[in-house]
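Peer 1: My questions will all concern the structure given below.
Just so it is clear, none of the values below were taken in a lab; they were calculated from the coordinates. Just so it is clear, the structure is predicted and the values come from calculations on it, not from any experiment. Ideal geometry is used to build each Cβ from the backbone, glycine not excepted, and the neighbour counts take in all protein chains shown.
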Amino acid sequence: MNIILVLVLFFALSLGVNVYQFNLLQNTSTFQIEKVIDGDSLILDGNGIHVRLKNVEAPEIGNCGADQAKKRLQELVEGKKVKVEFSGEDTYNRSLVFLFQNNTLINKVLMEEGLVRYDGTPSTYRDSLRDAHQSAVSAKKGIYGPPCLSEKPDDPKCLIKGNIDKSGKEKGVYFLPGCSEYNRTPIEKDIGDKWFCTESQAQKEGFVKATHCP
């Protein structure tokens, strides 16, 4: 650390800025990962700071693939020292980060293995992450293949497709066999899509019938 950084750190600390905040100002620093919360969020060592992986969307806890994504992230970083590159904040004021372990971009590893979705927001590594995402989709890895991508119902009698509203404005819609978009509607269990046996089941969970259904 050169004399200028020493002076900056001294004045920052004198103003009540903690070491974590100072590292944010420097954009990149090394931290030990205290705990993995789920497949795309974790806590940095000692300070309880909750951060989230940039350009990555892991399945929510309880959805298909969530346990696998969390377990893999734990294997990669929990209890280890990693380089953390900060890149803005999310809507919950969590720092968005890229993690590097021995020069390997952890965000990309999860993407390559099909354990997470790609969110497409602008970033330094967007093109590389998008390519990793497309490769995983083409190979039907992880959440992009069975059982998370479900082409047939678990119960052959339960043929109603419940599709989550990806905008988050509503719960979602359901499609009956014979609906014009039925065959083009995938069931992606990692984001909460599901099969229903009856319309009443779908309605109880907040789904509404698709407008083009009979």
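Peer 1: What is the gain in length, in nm to one decimal, between Asp165 and Thr124 on full extension, counting 0.36 nm per residue of separation less the C-alpha to C-alpha distance?
Peer 2: Stretched out fully, the Asp165 to Thr124 stretch lengthens by 11.9 nm.
Peer 1: Projected area of segment 57-214, taken from the Cα convex hull and averaged over every viewing direction, in nm²?
Peer 2: The orientation-averaged projected area of the Cα hull of segment 57-214 comes to 10.8 nm².
Peer 1: When only Cα pairs under 8 Å and 6 or more residues apart are kept, what is the percent relative contact order across segment 173-214?
Peer 2: 62
Peer 1: While we're looking at this one, here's another question. I'd like to know how segment 107-154 sits against the 2.2 N^0.38 Å rule of thumb: what's its Cα Rg over that expected value?
Peer 2: Ratio of Cα Rg to 2.2 N^0.38 Å: 1.21.
Peer 1: Moving to a separate point now. Note down the magnitude of the dipole of the chain about its Cα centre, charges +1 on Lys and Arg C-beta and -1 on Asp and Glu C-beta and zero elsewhere, to the nearest 20 debye.
Peer 2: With only Lys, Arg, Asp and Glu charged at Cβ, the dipole is about 120 debye.
Peer 1: Here's a follow-up. Could you work out the Rg to Rh ratio of segment 18-128, with Rh taken as the Kirkwood radius (inverse of the mean 1/r over all Cα pairs)?
Peer 2: A ratio of 0.93.
Peer 1: Could you tell me the calculated FRET efficiency between Ser200 and Lys152, based on Cβ-Cβ distance and R0 = 25 angstrom, to the nearest 0.05?
Peer 2: Efficiency, from the Cβ-Cβ distance: 0.65.
Peer 1: What does the extension gain come out to for Leu176 and Asn47, with contour length at 0.36 nm per residue minus their alpha carbon separation?
Peer 2: 41.4 nm
Peer 1: Mind giving me the nanometre distance, one decimal, between the label points for Glu34 and Arg94, set 7 Å out from Cα along Cα→Cβ?
Peer 2: Placing both labels 7 Å beyond Cα along the Cβ direction yields 1.5 nm.
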